[in-house]
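Engineer: Submitted below is the structure of interest, expressed as structure tokens.
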Amino acid sequence: MTQPRYYFPGDTEKVNLDFAKLGFDYHPCPYRFEAVYELGVWRSRGVVEETSMAIPEGSQCLHYGQQLFEGMKVQTGIDGKIYAFRPRENARRMNEGARYLQGAEVPEELFIRGVEEVALANLPYVPPYGSGASLYVRPFYLGIDNNVGVKPASRFVFRILVTPVGPYFKGGFGPDQGKSFMVSAYDRAAPMGTGHIKAGGNYACSFQPGVEAKNAGFAEAIYLDPAEHKYIEEIGAANFLAFKGETLLTPKSPSVLPSITRRSLLQIATDIFGWPVEERLIELNELDEIDAAAACGTAAVITWIKEIADADRRWTFPFDQRWQKLYDNLLGIQTAEIEDPFGWRHEIG
Ligand SMILES: Cc1ncc(COP(=O)(O)O)c(C=O)c1O
């Protein structure tokens with residue numbers, strides 16, 4: 001019988017997990033980070049062990065959805081170091097949400113310290129370089145007053161859980177891994193609503209469209225603009241990209257979540273490859289003239305689209321080598337295989 005192993009925060013030996021076979025699922029890690037906001041100040045509880053949380057039954061997050069979450073990845077580089085990708089951008093996007101939901105902002109330094117502490121505490125669970133897996137980091141934020149009136153909380157919890165993950169869409173990236181998406185008849189966000197922040201409520205109401213798309217044999221739902229149902233918005237938990245001739249296109253809309261992956265890919269496209277980029281309205285009908293399409297996000301990375309279907313039309317797209325170039329460059333920067341001209345890698349240890 002093998003002896004049980006003990007491990008302490010800071011240990012580097014990896015746990016006995018087949019990292020290369022992981023899907024995008026929750027796998028509990030020993031430690032999470034937590035901070036509490038009360039009487040106007042944030043207090044870090046540091047790294048804690050409890051996987052469950054005790055919060056007041058009258059909490060705004062439970063009744064009124066005063067809740068936010070983020071998603072980012074920590075990866076092992078080719079040099080053996082641990083890197084987060086642009087965590088400050090996630091902190092800023094969470095605070096954009098906190099302002100909209102009338103909650104206390106999380107200081108950026110607290111957010112980043114939390115990401116560092118929780119990644120280091122769970123080091124044996126950070127997938128090794130070359131496994132194709134990464135440590136998914138899920139910061140989240142809850143309004144927790146004991147209350148029944150419809151009003152913002154004055155107390156908040158900020159917690160970061162982590163879990164090792166593989167590809168979001170089964171199969172990951174590759175020329176034979178194109179996915180099919182279904183144009184949804186539903187909206188995920190209102191025209192002047194909360195689509196641009198990562199509030200949990202936006203996702204609860206995407207369950208029905210997402211499940212319908214999956215039941216119909218598609219990977220996910222694609223949403224159109226909620227005002228006219230004429231322009232492409234985004235795809236499940238990913239933004240939309242397309243090549244039309246030389247130009248990389250992406251939808252411009254106030255109800256799309258501003259993806260950090262998308263922003264990074266657009267910058268790689270312009271600054272590294274010199275490709276023209278346009279952020280503008282993209283009509284669904286314009287798919288007739290599109291040469292290649294893809295979904296992008298922290299979880300989806302780049303997932304190229306082989307088919308989009310609505311109630312009575314189907315568009316098919318080939319794999320385009322430019323997706324490969326963008327993918328290789330993004331992952332190369334994230335894992336220190338290539339230099340990082342933009343300062344996006346955040347070294348943790
Ligand atoms: C609705 C939605 N769009 C796009 C994205 C991609 O954003 P990012 O690249 O910052 O992960 C996400 C994931 O966070 C999302 O939930």
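Derivation of every value follows stated rules applied to the coordinates shown; laboratory data play no part. Not measured: the values here are computed from a predicted model. In this analysis, Cβ positions are derived from the backbone assuming ideal geometry, glycine residues included, and neighbour counts consider all displayed protein chains.
Engineer: Output wanted: per-residue J couplings in Hz (rounded whole) for the range 78-85, from phi through Karplus 6.51 cos²θ - 1.76 cosθ + 1.60, θ = phi - 60°, x for Gly and Pro.
Structural biologist: For the range 78-85, the Karplus curve yields 4, 8, x, 7, 9, 10, 9, 9 Hz.
Engineer: Tell me the net charge near residue 254. Cut-off is 14 Å between Cβ atoms, residue 254 excluded, with +1 for each Lys or Arg and -1 for each Asp or Glu.
Structural biologist: -4
Engineer: Between the range 80-94 and the range 203-274, how far is it from one alpha carbon centroid to the other, in angstrom?
Structural biologist: 22
Engineer: On the first, second and third principal axes, largest extent first, how far apart are the outermost C-alpha atoms of the range 19-165 in Å?
Structural biologist: Principal-axis extents of the Cα atoms in the range 19-165, largest first: 51, 25, 23 Å.
Engineer: Under 12 Å between alpha carbons, and skipping anything fewer than 8 positions from residue 306 in its own chain: which aspartates and glutamates qualify?
Structural biologist: Counting by Cα, and skipping residues close in sequence, residue 306 has these aspartates and glutamates nearby: 176, 291, 320.
Engineer: Still on this model: Too long at a 29 Å Cα-Cα cut-off: which of 21/325; 14/179; 151/230; 73/214; 21/244? Don't jump to the answer; show the numbers that get you there.
Structural biologist: Numbers: 21/325 25 Å; 14/179 33 Å; 151/230 35 Å; 73/214 25 Å; 21/244 35 Å.
Going by Cα-Cα distance, 14/179; 151/230; 21/244 fall outside the 29 Å limit.
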